[in-house]
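This report concerns only the one structure given below.
The values are calculated or read from the model by the stated rules, or taken from the named source; none is laboratory data. Predicted, not measured: the structure shown is a model, and the values here were computed from it. Cβ: placed from backbone, ideal geometry, glycine included. Neighbour counts: every protein chain shown. Areas reflect the complete protein model, heavy atoms only, side chains present, ligands, DNA and RNA absent. Shrake-Rupley method; radii C 1.70, N 1.55, O 1.52, S 1.80 Å.
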Amino acid sequence: MIITFGAFLLYWVLDGLYFDALRSQLDLYIGQRGISHVMAYTLSALPILLGVWLVQRKWNFAQYLGLVGNPFKALLFSIVATAPMFVGYYLAFDVNTEISLNQILISVIAAGFFEEVFFRGFLFGQLYRFTRLGFVPAIFFGALWFGAIHLYQGHDLISALGIFGITFLGAVLFGWLYIEWDNNLWVAIFSHTLMNLSWLLFSVDENAMGGWYANVFRIISIVLMVLLTIYSKILKDRSMKIGQGTLWIKNNS
């Protein structure tokens with residue numbers, strides 16, 4: 001736990017101090033803001049990888065961060081689950097004709113991938129998978145942190161609290177999907193990425209809050225994610241991984 005929190009804090013401090021400068025420096029050579037953003041994010045993952053190595057003493061980062069699961073199954077699930085958002089937003093909002101490659105790389109691909117790897121794969125995943133902490137304490141600090149970093153999107157106290165609540169609950173949802181789909185982080189990555197894409201593609205809102213129409217279709221997609229996950233368990237005759245015995249403290253088994 002100490003190593004996990006320490007490595008994540010190191011990443012956070014270095015990211016705050018040097019990310020913008022690193023991205024700007026890369027941009028001088030690459031000349032493409034979105035690609036520079038992705039590369040800077042990749043380099044900022046070094047403290048996370050160090051944390052995984054210190055905990056596991058092995059170099060198989062993909063396994064311990066949940067990246068060895070089936071990406072095709074995860075993508076199919078995410079497409080079906082987020083379909084209500086794409087259809088609903090197409091009917092309710094205008095298509096964003098000014099969408100750019102930079103926006104897709106930064107707000108969709110980089111946000112969906114790196115936020116899930118750092119917050120769910122590492123900060124939550126290491127605590128839940130490799131300690132006796134149950135789901136609630138393991139997800140709480142990461143979800144709290146995740147919600148806090150989105151507060152800047154709020155224009156006033158009410159909107160800031162609303163954005164915090166939505167992103168906090170989103171972190172809980174993605175963490176739950178990660179574990180229930182057999183530690184397959186691609187489910188959370190693709191779900192997060194496609195939700196962001198639908199938001200951007202149809203100019204839903206400038207921040208994560210959204211209005212009534214936006215949240216109705218988002219809630220439908222979230223409910224569908226939960227129902228599809230439960231249905232997959234029923235088909236395979238398997239119990240849910242997160243339940244009474246793993247909610248707070250896991251037993252020795």
task: Assuming a ≥ b ≥ c are the square roots of the Cα gyration tensor eigenvalues, decide whether segment 98-159 counts as rounded (a/c under 1.5), prolate (otherwise, with a/b larger than b/c) or oblate.
output: oblate
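Counting only C-alpha contacts under 8 Å and six or more residues apart, can you give the relative contact order of segment 1-91 as a whole percent? Before the final figure, lay out the partial values.
Values: 44 pairs, mean separation 26.9, N = 91.
Computed over segment 1-91, the figure is 30 percent.
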Segment 66-144 - percent of accessible surface contributed by carbon and sulfur, probe 1.4 Å: 71 percent
- line: If each K or R counts +1 and each D or E counts -1, the residues other than G34 whose Cβ falls under 12 Å of its Cβ total +1
- prompt: How many Å² of accessible area per residue for the chain, probe 1.4 Å?
  reply: 52 Å²
task: Go through N96, S159, L76 and say which Cα lies farthest out towards the positive end of the charge dipole of the chain; charges sit on Cβ, +1 for Lys and Arg, -1 for Asp and Glu.
output: L76
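How do 98-104, 137-143 rank on mean C-beta neighbours within 10 Å, highest first? Provide the component values of the computation, followed by the final result.
On the way: 98-104: 13.6, 137-143: 22.1.
Taking the mean over residues of other Cβ atoms within 10 Å, the ranking is 137-143, 98-104.
Per the 1.4 Å probe, what fraction of the accessible area of segment 156-253, in percent, lies on carbon and sulfur atoms?
Values: 3640 of 5160 Å².
Answer for segment 156-253: carbon and sulfur cover 71 percent of the accessible area.
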- request: Assign one of three labels to the chain, namely rounded, prolate or oblate, based on the Cα gyration tensor with a ≥ b ≥ c the square roots of its eigenvalues; rounded applies when a/c is under 1.5, prolate when it is not and a/b is larger than b/c, and oblate otherwise.
  value: oblate
- prompt: Of A138, N215, V172, which is farthest on the positive side of the dipole of segment 102-221, counting Cα position, with +1 on Lys and Arg Cβ, -1 on Asp and Glu Cβ, and the Cα centre as origin?
  reply: A138
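In segment 1-97, which chymotrypsin sites (Phe, Trp or Tyr not before Pro) fall in coil by DSSP and have 13 or fewer other Cβ atoms within 10 Å? Intermediate results must be reported in sequence, preceding the final value.
Working: sites: F5, F8, Y11, W12, Y18, F19, Y29, Y41, W53, W59, F61, Y64, F72, F77, F86, Y89, Y90, F93; in loops: W59, F93.
Passing both the DSSP loop test and the Cβ count: W59.
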query: Where does the chain land at 222 nm, in deg cm²/dmol rounded to the nearest 500, when only DSSP H runs of n ≥ 4 count, each adding -39500 (n - 2.57), divided by all residues?
result: -21500 deg cm²/dmol
message: Just to confirm a number: summing +1 for Lys and Arg and -1 for Asp and Glu over residues other than G175 whose beta-carbon lies under 13 angstrom from that of G175, what do you get?
response: 0
message: Please give me the summed charge of the neighbours of I48: other residues whose Cβ is under 14 Å from its Cβ, Lys and Arg +1, Asp and Glu -1.
response: -2
- prompt: To the nearest 20 debye, what charge dipole does the chain have about its Cα centre, counting +1 at the Cβ of each Lys and Arg and -1 at the Cβ of each Asp and Glu?
  reply: 1120 debye
